[in-house]
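Shown next, in structure tokens, is the structure this report addresses.
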Amino acid sequence: FNNPHTWNSYVYSQGIEISCLSISQGRSIAQAGGERKREKMKMTVNNSIIRIALITGIIFCHSNACAFVSSSNSNINAVTSSSSPYQWRNTCIRETNVDENECVKTSDVLSLDSIRSTLIRQEETIIFALIERAQYRQNAVVYGRGKMLGEGVGQSFLEFMLVGTEALHCKVRRYTSPEEHAFFPEKLPKASLGVLPELDFPDLLSDAGGANKVNFNEILLRKYIDVVLPALTKSGDDEQHGSTVLADIAALQALSRRVHYGKFVAESKYRADPEGYQKLVDANDHEGVMKLLTNETVEKQVLRRARLKAATYGREPLMSSLPELEDDKDSTSIIAAAAASAVVAAVEAMRDHSGAAQVGKVDPWIIESIYRDIIIPITKDIEVAYLFRRCGKEPPSQYAPNRMSVDVDVLSI
């Protein structure tokens, strides 16, 4: 809006009525003789919440969420059932008979249970991305500067593609979300596309000492290339360089989102015990901070779940020995195949890793090792760095964004 006008919302038991003066380019909906006229639009929601999304002056309505444009700044405010706290801003319009449980509060988003639920769902994205990358050879040529693009470019093929991808995503506001972190933030465009409205996110993370700006993608990228790929892929070159890099980017972005969720974990734990963390930081006791935020029971659950999921997702369904389906309603064979596959995957995941031949698209123990040696340690390093900045101090040198506090050169499979 050039000149945003007041939007008044009225909530009734059977619907929502929105009165507005303007919806596009600061102009009124109707003009006659230079006099603005008020138009009203009523939408019956039939005891359900609706979403009203304003995009370049057009109103769209969808189910499962609601939104309205505020009178002060034209921002879209809404609440949805999504696990991500940054889909919409956390403000709720609702009917008089809508249950309070359908609305999400900031305190709910920052709860450890909510964060853990989000991290569990991210496991599928990460594991599928790693399985996708594992189908190609290591293809080391795409990671060497000057090997594919020439000496004058100064970038590897992966870096070139990653910079271009991030520049495009920046144009559509990806990196305005605190969940997202660029690998080359210094190369991002200065502004997004002008036709897109600005996004307004709730302040879930603290900006004290630049805590919300902590970015460990530099070390994540290096460990992905030097440690993860040699264990995940077969050596050699299969000439699938473009597909390899695209798979790399998908995996790297998923990994980056996962490890930087440590900032939300750290903020949640800080709010639960601010005095305890402040005391440790003031004493420069980084080991004490690490110990206080570590939950070994949860970490063991994560490792076991990652191994089991890798064994399950990396295996073809056992359909060959089952009869054909006689009709669409006969789901017995599908159920039997799913159950048999789950049992075999569980056995595969629990077997002793003693040099046995790999069965499936990826070795489940490698996925577990990636979590144990790379993902969890970097996540915890980010948490320590965030907490130190949150409490007003620079983190110790071993928690700098270009290194791991406990270095890893090879996965401990």
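Just one of I376, I370, I382 is open to solvent by 10 Å² or more (accessible area, probe 1.4 Å) and of a type in the set (V, I, T); which is it? Please lay out each step first, then the result.
Numbers: I370 fails: open to solvent by 10 Å² or more (accessible area, probe 1.4 Å); I382 fails: open to solvent by 10 Å² or more (accessible area, probe 1.4 Å).
None of the other options fit; the residue is I376.
For region 172-193, give me each residue that is assigned to a helix (DSSP H, G or I) and in contact (Cβ under 8 Å) with a residue 12 or more places away in the chain. Spell out the reasoning first.
Taking region 172-193 as the starting set, the residues that turn out to be assigned to a helix (DSSP H, G or I) are 174-176, 185-187.
Within region 172-193, Y175, T176, P185, K187 meet the criteria.
Of V265, V195, V228, which residue is open to solvent by 60 Å² or more (accessible area, probe 1.4 Å), on the phi < 0 side of the Ramachandran plot and not acidic (D, E)?
On the way: V265 fails: open to solvent by 60 Å² or more (accessible area, probe 1.4 Å); V228 fails: open to solvent by 60 Å² or more (accessible area, probe 1.4 Å).
Of V265, V195, V228, the one residue that is open to solvent by 60 Å² or more (accessible area, probe 1.4 Å), on the phi < 0 side of the Ramachandran plot and not acidic (D, E) is V195.
Could you check how many residues of region 285-303 are without any contact (Cβ under 8 Å) to a residue 24 or more places away in the chain and in a helix (DSSP H, G or I)? Let's see the steps before the verdict.
Initial filter on region 285-303 (without any contact (Cβ under 8 Å) to a residue 24 or more places away in the chain): 285, 287-288, 291-292, 295-297, 300-301.
Keeping just the survivors that are in a helix (DSSP H, G or I) gives 287-288, 291-292, 296-297, 300-301.
So the count comes out to 8.
Can you name the number of the only condition in (1) within 23 Å of E124 (Cβ to Cβ); (2) acidic (D, E); (3) at pLDDT 95 or above that E179 fails?
If we test E179 against (1) within 23 Å of E124 (Cβ to Cβ); (2) acidic (D, E); (3) at pLDDT 95 or above, just (3) comes out false.
Among the numbered criteria (1) open to solvent by 40 Å² or more (accessible area, probe 1.4 Å); (2) not in a helix (DSSP H, G or I), which one does H169 miss?
Going through the list (1) open to solvent by 40 Å² or more (accessible area, probe 1.4 Å); (2) not in a helix (DSSP H, G or I), H169 breaks only (2).
Within region 102-145, which residues are of a type in the set (A, V, I, L, M), modelled with pLDDT of 95 or more and either closer than 20 Å to I376 by Cβ or open to solvent by less than 50 Å² (accessible area, probe 1.4 Å) (or both)?
From region 102-145, those of a type in the set (A, V, I, L, M) are 104, 109-110, 112, 115, 119-120, 126-127, 129-131, 134, 140-142; that's our starting set.
Imposing the further condition that a residue be modelled with pLDDT of 95 or more reduces the set to 126-127, 129-131, 134, 140-142.
Passing the criteria: I126, I127, A129, L130, I131, A134, V141, V142.
Out of region 385-413, which residues are among the aliphatic types (A, V, I, L, M), surrounded by fewer than 23 Cβ atoms within 10 Å (Cβ to Cβ) and either over 22 Å from the mean Cα position of the chain (by Cα) or part of a helix (DSSP H, G or I) (or both)? Quick ask: steps written out before the conclusion?
Of all residues in region 385-413, those among the aliphatic types (A, V, I, L, M) come to 385, 387, 400, 404, 406, 408, 410-411, 413.
Filter again for surrounded by fewer than 23 Cβ atoms within 10 Å (Cβ to Cβ), leaving 400, 404, 406, 408, 410-411, 413.
Hits for region 385-413 are A400, V406, V408, V410, L411, I413.
Filter region 200-212 for residues that are in a loop (DSSP other than H, G, I, E, B) and in contact (Cβ under 8 Å) with a residue 40 or more places away in the chain; which is surrounded by the fewest Cβ atoms within 10 Å (Cβ to Cβ)?
Residue satisfying both the conditions and the ranking: D200.
Is it the case that D248 is open to solvent by 20 Å² or more (accessible area, probe 1.4 Å) and among the acidic types (D, E)? Walk me through how you get there before you give the answer.
On the way: open to solvent by 20 Å² or more (accessible area, probe 1.4 Å): no; among the acidic types (D, E): yes.
Against the criterion (open to solvent by 20 Å² or more (accessible area, probe 1.4 Å) and among the acidic types (D, E)), D248 does not qualify.
Which residue pairs have Cβ atoms closer than 7 Å, lie 6 or more positions apart in sequence or on different chains, and pair a first residue in region 390-406 that is of a type in the set (G, A, S) with a second residue that is buried (at least 16 other Cβ atoms within 10 Å of the Cβ)?
As it stands, the answer is G392/G209; S405/D381; S405/Y399, since those pairs meet every condition given.
The values are calculated or read from the model by the stated rules, or taken from the named source; none is laboratory data. What you are looking at is a predicted structure, and each value in this text was computed from that prediction instead of being measured. Ideal geometry is used to build each Cβ from the backbone, glycine not excepted, and the neighbour counts take in all protein chains shown. Protein only, heavy atoms only, side chains kept; ligands, DNA and RNA dropped before computing areas. Shrake-Rupley method; radii C 1.70, N 1.55, O 1.52, S 1.80 Å.
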